[in-house]
């Protein structure tokens with residue numbers, strides 16, 4: 001779909017043409033899923049985010065400014081849907097656990113630290129990374145995902161998540177600090 | 001240089017951001033402490049590789065659309081915003097405007113099409129010999145010579161696209177193609193629906209059953225036997241969907257799906273719909289067919 005065609009489809013979708021909106025869904029679904037999965041790290045959650053994001057986009061399409069880039073706008077919606085979903089999951093999780101989210105990966109008992117051979121296995125590293133990421137707050141995780149996996153600048157993260165530049169920057173910093181602490185055992189085994 | 005850089009500044013440096021990048025670079029060459037901190041930050045972040053995202057096929061966009069299209073909320077645009085239509089519809093408890101606009105008029109449309117189809121045929125039969133003679137004369141044909149009717153370029157030739165019967169057939173084909181596309185969506189929904197409530201699908205199927213019956217009868221009259229055969233299969237599946245419990249069990253839903261699968265119904269409906277669309281594009285091919293592509297023969 002070239003730029004002119006894409007603009008025409010978008011204009012029709014904004015006027016309520018469901019076939020045009022369908023074209024947008026078909027065009028963007030895979031990239032939306034990719035971002036949602038990177039944010040949530042869970043296939044089913046990512047599917048839920050995809051669905052909710054398009055429904056939100058449809059509701060808010062009237063407010064979308066045609067000068068803006070639809071992909072960027074949708075990207076923002078997906079990021080915020082992911083944060084919302086992670087928040088609601090975390091709230092339920094905290095209610096069940098009744099304790100702080102910073103526990104867990106940071107307080108690994110010594111006996112739990114795998115030996116060098118096992119540590120070398122990338123699957124194990126991935127698991128640890130995943131645990132560490134899960135222990136970030138939703139906003140930290142979203143900001144970190146956008147910075148680390150998606151290569152977004154602090155300015156872009158700020159715009160995407162609707163945060164001030166300073167808040168966006170500090171979300172990334174906090175995430176990096178927590179990850180460094182959580183992954184320190186792996187680092188020490190490696191060195 | 002005595003100024004050390006903070007961990008946050010080094011993090012930004014790692015990501016290629018931050019001011020004074022050149023200063024950081026020079027400092028790292030000369031400061032062992034900052035260099036060690038930077039190596040630790042970079043080493044940790046390098047461990048965090050992008051997760052492998054599960055593959056999604058080419059049809060994924062369509063699957064997403066199938067999942068959300070019935071959940072699309074009302075949007076206040078155009079007519080609804082200015083006329084207060086959405087408010088009125090809510091007042092009367094008629095929230096399924098989308099659903100109605102998609103399938104509700106199916107039966108009405110079917111009746112209109114059939115009226116046009118039958119009308120076209122009756123009109124053809126009602127042409128009197130006098131009319132024919134007058135018509136031929138006005139076109140420069142020779143009323144004494146019936147051979148001109150054998151000329152395929154003559155609009156009165158039965159194979160000419162402008163022949164009233166063919167025009168009526170074309171209207172029918174177009175409408176049946178629309179009907180098959182709507183039915184395909186219902187069948188796709190059933191094939192992809194999560195177990196539980198299928199009441200929305202049942203309402204649409206219910207609307208389509210009557211139209212299907214009318215189109216099938218008309219297809220038989222028009223000699224479109226393969227179209228009629230698919231409409232017959234479709235009608236049975238639609239009736240089964242309509243008559244199933246709304247809160248369907250996984251086993252019952254599987255059974256419906258197996259029947260749809262066993263009859264290759266979704267596939268046949270798609271192929272037939274495509275074929276009818278192609279025939280629309282080439283009106284000279286709108287003449288009745290008793291068999292169609294081998295892919296869709298039952």
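Tabulated results
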quantity: Looking only at the stretch B:188-210, and only at residues there that are at pLDDT below 85 and more than 29 Å from residue A:44 (Cβ to Cβ), the one that is surrounded by the fewest Cβ atoms within 10 Å (Cβ to Cβ); calculated: B:210
quantity: Scope the stretch B:1-17; condition within 26 Å of residue A:42 (Cα to Cα) and either assigned to a helix (DSSP H, G or I) or away from chain A (no Cβ under 14 Å) (or both); matching residues; calculated: none
quantity: The stretch A:171-183: number of residues that are free of Cβ contacts under 8 Å to residues at least 60 places away in the same chain and more than 8 Å from chain B (Cβ to nearest Cβ); calculated: 3
quantity: Residues (touching a residue at least 60 places away in the same chain (Cβ under 8 Å) and buried (at least 24 other Cβ atoms within 10 Å of the Cβ)) located in the stretch A:36-48; calculated: A:39
quantity: Residue among B:260, B:230, B:256 that alone is within 15 Å of residue B:185 (Cβ to Cβ), part of a helix (DSSP H, G or I), under 22 Å from the mean Cα position of the chain (by Cα) and assigned by TED's automatic domain parsing to the domain that holds residue B:189; calculated: B:260
quantity: Those residues of the stretch A:49-63 which are more than 10 Å from chain B (Cβ to nearest Cβ) and surrounded by fewer than 17 Cβ atoms within 10 Å (Cβ to Cβ), in sequence order; calculated: A:63
quantity: Selected residue (criterion: surrounded by the most Cβ atoms within 10 Å (Cβ to Cβ)) from residues of the stretch A:151-161 that are closer than 24 Å to residue A:42 by Cα and more than 9 Å from chain B (Cβ to nearest Cβ); calculated: A:157
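The values are calculated or read from the model by the stated rules, or taken from the named source; none is laboratory data. Note that this is a predicted model, so its numbers are computed, not measured. Reconstructed Cβ throughout: ideal geometry from the backbone, glycine too, with neighbour counts over all protein chains shown.
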